[in-house]
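A.B. asks: Okay, here's the structure, questions in a sec.
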Amino acid sequence: MTAFDQNSIMHNGPQVQIRPARESDAPSACDAVNAIAAEKWYLATVDGFSLEQTRTFLRRVVDGTLPQVLAVAEDEVVGFCDIIPNTAKGFTHVGRLGMGVRSAWRRQGIGHRLLDACLTLARTGGIEKVELEVFTDNIGAVRLYESFGFSEEGLKVRGRKLENRYQDVKLMALWLERMA
């Protein structure tokens with residue numbers, strides 16, 4: 001069993017598997033992203049993505065063996081984490097992190113397991129630096145990133161205004177050590 005293909009029981013509930021994404025996960029992954037996006041306050045997108053956009057993204061992840069893992073419970077995607085490498089010349093050492101966990105599955109360690117597995121894949125895939133943006137009022141996410149050693153690189157004050165509410169956007173990064 002690899003570090004990113006693991007099972008565990010969550011608080012007497014269904015088994016949650018952390019594993020690499022597959023193209024066949026597209027419908028459930030799309031539902032998960034769209035459910036989190038609909039909450040409006042955690043992801044940069046509030047509209048989510050179409051099934052075709054999700055399929056295209058997963059195809060790119062699978063074909064490029066890019067760092068992405070899913071949390072799956074009873075064939076339902078309940079969380080995701082990906083680190084997508086920057087393809088621009090001079091920036092290919094950097095990957096951008098995106099992750100989310102469905103609301104009913106939060107505070108059970110799934111985000112920690114997803115991030116740990118995805119960082120392992122990023123290290124072996126040659127990514128040197130992982131960057132992310134997180135809303136400062138998402139305290140759980142900020143604490144998770146800090147627990148992995150991410151540090152603040154900047155702050156976009158009132159970086160987003162949605163429904164007449166401002167949110168500051170914290171820029172964070174983690175330098176990775178390469179694994180042999």
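A.B. asks: Please work out the Cα convex hull volume for region 89-129 and give it in Å³ per residue.
C.D. replies: 64
A.B. asks: Within straight cross-link reach of Lys170, meaning Cα distance under 18 Å, which lysines are found once same-chain residues fewer than 8 apart are removed?
C.D. replies: Of all the lysines, those that pass the test against Lys170 - Cα under 18 Å, at least 8 places apart if same chain - are Lys40, Lys129, Lys156, Lys161.
A.B. asks: Okay, next question. List residues of region 145-174, by number, whose backbone nitrogen lies under 20 Å from a label position 7 Å along Cα→C-beta of Ala38.
C.D. replies: Those under the cut-off are 163.
A.B. asks: With a Förster radius of 41 Å, plug the Cβ-Cβ distance of Tyr166 and Gln53 into 1/(1 + (r/R0)^6) and report the FRET value to the nearest 0.05.
C.D. replies: Efficiency computed from Cβ-Cβ geometry: 0.90.
A.B. asks: For Asp75 and Lys129, what is the calculated FRET efficiency with R₀ set at 35 Å and r taken between the beta-carbons, to the nearest 0.05?
C.D. replies: 0.50
A.B. asks: Which whole number in µm²/s is D for region 56-155 by Stokes-Einstein, with the Kirkwood Rh taken over Cα pairs at 4 °C and 1.567 mPa s?
C.D. replies: So the translational diffusion coefficient is about 91 µm²/s.
A.B. asks: With a ≥ b ≥ c the root eigenvalues of the C-alpha gyration tensor of region 6-175, is it rounded (a/c under 1.5), prolate (a/b larger than b/c) or oblate? Show your work: numbers first, answer last.
C.D. replies: Values: a/c = 1.33, a/b = 1.13, b/c = 1.18.
It is rounded, given that a/c, with a ≥ b ≥ c, falls under 1.5.
None of the figures in this text is laboratory data; all of them are computed from the coordinates on show. Keep in mind the model is a prediction, meaning the values are calculated, not measured. So basically every Cβ, Gly included, is an ideal-geometry build from the backbone, and we count neighbours across all protein chains shown.
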